[in-house]
Amino acid sequence: MPNRQVSTQRKAQHRLGTIFVAVGMLMFLSVFVSAALHFGDFSDFEVRVRSMGLRAVGGMALMIGGFVLITLGVAGAAGAGLKLDPEQARKDLEPWARMSGGLTKDSLDEMGVDLPQIAGALTGAAAGKSSTGETLEARLRGLHALYKDGILSQAEYEREKQELLDQK
């Protein structure tokens, strides 16, 4: 299981951001409740409009600020693009990079490089194996078994056997 250690400061930022978003949403929605409750009542209209306007703008500001804090809590300042120091960025992103094999693996994945396939081909070639992982002897025995079982004719067996020997 990957070690996902996120600092308590970033956890607190995330929680604070969530609280800001919730309070901002309540403030913003309260404008609509107030408008519905006072529909058609124009007494103290200017005071009520000013109050609803401040709640609407304040609620939106709290929601935006909350989303910024949540982003900082999740990705850290480097992950959010606020820190330009590469060493600090590596430190902040390290728990997430470690989960999937690191930043280098991410770069290779973007280029379409399949590391397990390359590693298997390299170790197989060093051990005298084919790309499927079988040795030449095992492949020849399998081919001979197909011939003995009557699946391959004499000519097919000889041709396939020669191809295997030519590859070596």
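Read-outs throughout are calculated quantities, based only on the coordinates presented, and are distinct from any laboratory measurement. Bear in mind that the values here come from a model prediction, so they are computed numbers and not experimental data. Don't worry about glycine lacking a Cβ; one is built from the backbone with ideal geometry, like all the others, and counts go over all protein chains shown.
Grab the Cα-Cα distance for V57 and A75, subtract it from 0.36 nm times how many residues apart they are, and report the gain in nm with one decimal.
Net length gain for the segment: 3.8 nm.
Rounded to the nearest 0.05, what FRET efficiency do T8 and D41 give with R0 = 45 Å and r taken as the Cβ-Cβ distance? Could you check?
0.35
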